[in-house]
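Q: There's a structure below that I have some questions on.
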Amino acid sequence: MIAYSSGNFGKALVLGGADLTILYLLTDVLGLGSAQAAGMLLFAALGDLVFDLLAARLVLRCRAAGRGYRWTIAMAALPCGAAFALIYAMPGLGVHRIWVVAGTILIFRSAYAVVDVPHNALMAQVSRDSRARGRVSGYRLFFSTASALVIAIGLTPMVQQAGRTRHFGALAGTGIAVGLAFALTMVLCVWASGGRDRPAATSDLRGDGIRVPLRDPMVLGMAALALVTGFAMPCFGRMLIYLGSYVVARPGAVSLLLTAMTAGQFCGVLAWTALAHRFGKAQVLALGHAVSALGLILFGLCMTWPMGQVACAALIGFGFASVFMLPWGLLADAVDVVEWRHGRRFETGLFAFYLVLVKASGAASTAMIGGALNLLGYVPGAVQPEAVRLGMVALGLGVPLVGAVLAMLLLRHFTLDHARHASLLRALGRRQGAAEPVSELKRGLSKSSGDGDTLAGGSALSAQARQSISRSIAAPAAVRS
């Protein structure tokens, strides 16, 4: 599980770095207007609607050909890292044409989709146990937070410096280093977790697909959660450069605030992982949104108190650890719920569906920020008028605050706790046991042996044990929740 989760270090390094710096890179480094930058990122958002679906189709074809998730990840890692490096090398190469910049960004996001879809879908195979999935979510966020620390210390200050001094050599070198680190991390991830990518069964491939049941309540709930998580919550991190540079007029504080937020996430990973083992993931996720909302309110009240802002950024990071960590565990559980309801395991399809919404809404959020700054009259590098500064505060603090409130209201309807999910797994096991011949059942159990690799989350049940399970199980109640 740790080997699998280590891939999040590389993924967060490139995607998180791009999310936090790409708009500032376009406006203050490449010199594009806010409207042009917003339009370009909106175009990238539309591209994300297609890239993840195409990546899912590619993954399904590869699985049908006997090449699992790991093979696809390894093949796409180097092109994705190279495209990321090229984005940050363009200022040094003197490339300012909009179509070249837009094309490079689209290549990066399409290659990233081919890595991201199979890596996230692999989570449903690492373990089927609800508590174990909570731990995996924590491990993933730990590695993502480690990469956020690298971004805060290295990439973000380098982009800021390039915008001020117009020296682009170090920026290009940083982009190349990050691209290489991403490719190396993903290759090592799939190599180290080699025993966990089980071959796809014929029944799985026949049932899986990108046409997921959109009317299913669980699918609709995860879609709403994806929109809130992708659009609203990242606005705070994306606006930190602008808040530090223009609102509080302390550009050097941006790196400190990002570091404080990252430190808070490290502490949050430990706390939320422990809580998710004891309580339902939806409950812990709602609590994380509440903590994030409190931190955002306090941050707004501490605009003239630098140390108070640092403490508030750490509190926001503590809450964000739950916000960005636990939806993936909920999504893995949703795969099991949909399988029970519809008799098909939409493993690749549901993860691709969720990724489409998260990344497209995230890119749309960045485009919205660019468009709002343009409407407010933002001029890069100049002293901003009061209306622009208030708009920056609304974008950086108000939007994620509203998102946190909406998420808490939504999560009241997620009642699938650990006990109900365990009941659901036992019901699925009986269904599979009844559908397979005894010889096929034994063959399936032998394939699922080993720590963390069984379909029941740690211990394979024999046919006799499955038949002895009580049929009074409350699986329908679990599914209704």
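The values are calculated or read from the model by the stated rules, or taken from the named source; none is laboratory data. Predicted model only: the values in this text are computed from it and were never measured. Heads up, the Cβs are rebuilt from the backbone with ideal geometry, glycines too, and the neighbour counts pull from every protein chain shown. Accessible surface areas use protein heavy atoms only, side chains included; no ligands, DNA or RNA. Shrake-Rupley method; radii C 1.70, N 1.55, O 1.52, S 1.80 Å.
Q: May I ask for the angle, rounded to the nearest 10°, between helix 347-376 and the longest principal axis of the chain, with both axes built from Cα atoms and the value confined to 0 to 90°?
A: So the inclination is approximately 20 degrees.
Q: Starting from the Cα-Cα distance between ILE2 and ALA35, subtract it from 0.36 nm times their residue separation and give me the gain in nm to one decimal.
A: On the way: separation 33, 0.36 × 33 = 11.88 nm, distance 4.23 nm.
Separation in residues times 0.36 nm, less the Cα-Cα distance, equals 7.6 nm.
Q: Mind ranking 390-399, 285-294 by how tightly packed they are, going by the mean number of other C-beta atoms within 10 angstrom, highest first?
A: Working: 390-399: 19.7, 285-294: 22.6.
Listed from highest to lowest mean packing, they are 285-294, 390-399.
Q: Residue by residue through region 270-282, which ³J(HN,Hα) values in whole Hz follow from phi under the Karplus form 6.51 cos²θ - 1.76 cosθ + 1.60 (θ = phi - 60°), with glycine and proline marked x?
A: Here the 3J(HN,Hα) series is 5, 5, 5, 5, 5, 5, 5, 6, 9, 10, x, 5, 5 Hz.
Q: Now for a separate question. To the nearest Å, what is the center-to-center distance of region 209-282 and region 139-193, using C-alpha atoms only?
A: Using only Cα atoms to place each centre, the spacing works out to 19 Å.
Q: Tell me what the chain gives for mean residue ellipticity at 222 nm when only DSSP H runs of n ≥ 4 count, each as -39,500 (n - 2.57), the sum divided by the residue total, rounded to 500 deg cm²/dmol. Don't skip to the end; give the middle numbers.
A: Values: 22 runs with 365 residues, N = 481.
So the helix-based figure for the chain works out to -25500 deg cm²/dmol.
Q: If you count, for each residue, the other Cβ atoms within 10 Å and average over each peptide, how do 11-18, 345-352 line up from highest to lowest?
A: Numbers: 11-18: 24.6, 345-352: 27.1.
Put in order of decreasing packing, that is 345-352, 11-18.
Q: Each residue of region 33-45 in turn: what ³J(HN,Hα) in whole Hz from Karplus with 6.51, -1.76, 1.60 and θ = phi - 60°, glycine and Pro shown as x?
A: Each residue of region 33-45 in turn: x, 4, 5, 5, 4, 5, x, 5, 6, 5, 4, 5, 5 Hz.
Q: OK, next. So I have (1) 55; (2) 44; (3) 60, and one of them is percent of Cα pairs over 30 Å apart calculated from this model. Which one is it?
A: Checked against the structure: label (2).
Q: Tell me the per residue accessible area of region 209-309 using a 1.4 Å probe; a whole number in Å² is fine.
A: Numbers: 3990 Å² over 101 residues.
Per residue, region 209-309 has an accessible area of 40 Å².
Q: Moving on to the next point. Name the residue from GLY295, GLY31, ALA382 whose Cα lies farthest towards the positive end of the charge dipole of the chain, charges +1 on Cβ of Lys and Arg and -1 on Cβ of Asp and Glu.
A: GLY295
Q: Quick one: length gained pulling VAL379 to CYS267 fully straight, 0.36 nm per residue minus the C-alpha distance? Provide the component values of the computation, followed by the final result.
A: Working: separation 112, 0.36 × 112 = 40.32 nm, distance 3.75 nm.
Gain on stretching VAL379 to CYS267: 36.6 nm.
Q: Another question, if that's okay. Going by Cα centres, region 403-421 and region 86-100 are how many Å apart?
A: Centre-to-centre (Cα) distance: 44 Å.
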